[in-house]
Amino acid sequence: MADDTLAEDLRQAIGELVRTVRTADTMPPGEAAILGHLDRSGPQTTADLAHRRKVTHQSAAKSVKELLGAGLIRTEPHPDDGRKVLLHITGTGRAHLRQLRAQRANSLDTAIHDTLDTDERRQLRDCVSLLTRLTAHMTGSETVGVHQRPVGRTPRRKAR
């Protein structure tokens, strides 16, 4: 693969993988994304969630309404602005999100073991840290990924 097509090939492959893994989802992607944001980042307003997801306030509000109705999130008054409410994931929401994530992981794990041999699985494992570093660089974050491990380049030893 030529270096000039690497970025586009990677974007397409990862996008297709994510869309395929999400076919196991039992809830709409917008709702799952909101639960994920609340789980990872803590309480937020609907406006905050819309901004993070890069969707309209109306779109986020529709998902929030569904999640509230299902008891997966709850509201509380915003401590600094009485016109706003903070959204929190509930215990039920967290359990539902864990189940959703497990379904995705199981689907992907099955595909990995059905498709890749031992050496290919090792190569794929090595790629995870590279993808994590790329994500951290693009988001300007020092931690990214499942378990929020610090990412970055390993310090090089000084030449003697």
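Here are some notes:
- Residue match in the stretch 57-66 (condition: more than 17 Å from the chain's Cα centre (by Cα) and polar (S, T, N, Q)): yes
- Given (1) among the hydroxyl-bearing types (Ser, Thr, Tyr); (2) surrounded by 11 or more Cβ atoms within 10 Å (Cβ to Cβ); (3) modelled with pLDDT of 95 or more, index of the condition Thr56 fails: (2)
- From the list Thr90, Thr115, Thr75, the one residue that fits, being polar (S, T, N, Q), over 19 Å from the mean Cα position of the chain (by Cα) and closer than 26 Å to Val21 by Cβ, is Thr115.
- When Gln44 is tested against the conditions (1) within 28 Å of Ser141 (Cα to Cα); (2) open to solvent by 50 Å² or more (accessible area, probe 1.4 Å), the lone failure is (2).
- Summed over the stretch 87-130, the residues that are assigned to a strand (DSSP E or B) and of a type in the set (Val, Ile, Thr) give a count of 1.
- Leu17 in contact with a strand residue (DSSP E or B) (Cβ under 9 Å, 6 or more places away or on another chain), surrounded by 12 or more Cβ atoms within 10 Å (Cβ to Cβ) and of a type in the set (A, V, I, L, M, F, W, C): no
- At least 1 residues being β-branched (Val, Ile, Thr) and in contact (Cβ under 8 Å) with a residue 60 or more places away in the chain is the threshold, and among the helices (runs of 4 or more DSSP H) wholly inside the stretch 1-86 those reaching it are 3-21.
Rundown of residues vs (1) small (Gly, Ala, Ser); (2) surrounded by 12 or more Cβ atoms within 10 Å (Cβ to Cβ); (3) modelled with pLDDT under 95; (4) closer than 20 Å to Ile14 by Cα, yes/no style:
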{"site": "Arg122", "(1), (2), (3), (4)": "no, no, no, yes"}
{"site": "Met138", "(1), (2), (3), (4)": "no, no, yes, yes"}
{"site": "Pro150", "(1), (2), (3), (4)": "no, no, yes, no"}
{"site": "Pro155", "(1), (2), (3), (4)": "no, no, yes, no"}
{"site": "Ala159", "(1), (2), (3), (4)": "yes, no, yes, no"}
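The values are calculated or read from the model by the stated rules, or taken from the named source; none is laboratory data. Values in this document were obtained by computation on a predicted structure and should not be read as measured data. Counting neighbours? That spans all protein chains shown, and the Cβs are built from the backbone with ideal geometry, glycine included. With ligands, DNA and RNA removed, areas are computed over all heavy atoms of the protein, side chains included. Shrake-Rupley method; radii C 1.70, N 1.55, O 1.52, S 1.80 Å.
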